Amino acid sequence: MGVLNTILEHNRSFVENREYEQFKTDKFPDKGLAVLACMDARLVELLPKAMGLKNGDAKLIKNAGALITHPWGSVMRSLIVAVYELRAEEICVVAHRDCGMRAIDPNKILTHATERGISEDTIHTLRNAGIDLDNWLKGFDNVSDSVRHSVQTIRNHPLMPKDIPIHGMVIHPSTGRLELIIDGYTGKPPVQE
């Protein structure tokens, strides 16, 4: 039995037993928060618990590395929609230690792609079409710098209101400890004591 069958079997029981009732809420985040986080499997339950969030509290947007790779991409669009249409009043970018996107090698990914049946011709065509696959697949070297970059990209977006605090944090994937990188209220790193 594949994962899909397991999911669908569980879902039938979930709906029949009305387990969804405990999660009822509306589409507006109760805490007025949108969170951009990494898709790492260790954070599925840990991140909301570490941030004190429950179902309905926040808009949660996940991708590889909590990165904004393009100011006009789907992540930025999601954040703008969250602010203008879904009542998000603050944004948190939360990356994590030991991230798979740290120092990722685009050539290794492309090698894996060819091993899985993507032809060299396809890769060659994409490169000749002006797609910078190496930059598109690139991760980051320093997680704190990556968070700063994403916060700056959001803050400097021409459609992002200037009164929206944009916070940047790094979470430890084992303990859930949050490290503040950028305080969105001041726009600066936290004061070291």
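The values are calculated or read from the model by the stated rules, or taken from the named source; none is laboratory data. These numbers were taken from a predicted model, which means no experiment stands behind them. FYI the Cβ positions are ideal-geometry reconstructions off the backbone, even for glycines, and counts take in every protein chain you see. Note: areas computed on protein heavy atoms with side chains; ligands, DNA, RNA excluded. Shrake-Rupley method; radii C 1.70, N 1.55, O 1.52, S 1.80 Å.
Things worth noting here:
- Scanning the range 77-88 for residues that are of a type outside the set (S, T, Y) and assigned to a helix (DSSP H, G or I) turns up R77, L79, I80, V81, A82, V83, E85.
- Check on G32, at pLDDT 95 or above and in contact with an Asp or Glu (Cβ under 6 Å, 6 or more places away or on another chain): yes
- Scan the range 33-52 for residues that are surrounded by 18 or more Cβ atoms within 10 Å (Cβ to Cβ), assigned to a loop (DSSP other than H, G, I, E, B) and not charged (D, E, K, R) and the total you get is 0.
- Single condition S119 does not satisfy, out of (1) modelled with pLDDT of 95 or more; (2) touching a strand residue (DSSP E or B) at 6+ places or on another chain (Cβ under 9 Å); (3) small (G, A, S): (2)
- Test: G56 is part of a loop (DSSP other than H, G, I, E, B), under 18 Å from S144 (Cα atoms) and in contact (Cβ under 8 Å) with a residue 24 or more places away in the chain: no
- The range 132-173 - residue that is of a type in the set (S, T, N, Q) and touching a helix residue (DSSP H, G or I) at 6+ places or on another chain (Cβ under 7 Å) and, of those, surrounded by the fewest Cβ atoms within 10 Å (Cβ to Cβ): S146
- Of everything listed in (1) open to solvent by 90 Å² or more (accessible area, probe 1.4 Å); (2) among the hydrophobic types (A, V, I, L, M, F, W, C); (3) part of a helix (DSSP H, G or I), the single unmet condition for W72 is (3).
- Every residue from the range 1-32 that is loosely packed, with under 10 Cβ neighbours inside 10 Å, assigned to a loop (DSSP other than H, G, I, E, B) and of a type in the set (S, T, N, Q): N17
- Residue selected from the range 75-89 under the condition of a type outside the set (S, T, Y) and open to solvent by less than 50 Å² (accessible area, probe 1.4 Å), by the criterion nearest to the chain's Cα centre (by Cα): V75
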